[in-house]
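Presented below is the structure to which this report refers.
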Amino acid sequence: MKRKVAKVGRLRLSPNEETMLLKDEYERRRKLRLQQVREQQKYIALEIRQKVKQRREEQLHQLEEALRDEWQKAQDQKMKALEKLYLSSLRAIGVGHQQAKENEPDLEALAKQAE
């Protein structure tokens with residue numbers, strides 16, 4: 001009787017059951033590997049999106065600085081041109097009066113000629 005009890009304690013799987021267990025284990029591992037790969041892809045994609053966003057922000061910042069510098073230079077040039085015009089206008093204030101005095105008809109000379 002001991003032999004029968006001992007044999008009953010060690011049951012063997014049938015070839016179909018063993019194949020099913022191996023197939024199930026293979027599928028489980030395959031699904032686990034797919035999940036791992038998908039998680040890695042998500043992480044990599046997130047890193048790429050962050051790098052692209054950072055690069056875009058840096059380019060926008062550089063463009064902003066370049067445009068600001070260009071605008072500032074244009075404003076400085078305009079200011080210098082207006083300053084030159086203002087100074088020339090200030091110098092020309094007295095010149096107009098002097099020219100008017102020079103071009104005034106000499107009334108005394110005209111009176112003498114008329115006599």
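The values are calculated or read from the model by the stated rules, or taken from the named source; none is laboratory data. On a predicted model such as this, the values are computed, not experimentally measured, just so you know.
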Being in a helix (DSSP H, G or I) and at pLDDT 95 or above narrows Glu25, Glu18 down to just Glu25
message: Would you confirm, using the coordinates I've provided, whether Met79 is under 34 Å from the mean Cα position of the chain (by Cα) and aliphatic (A, V, I, L, M)?
response: yes
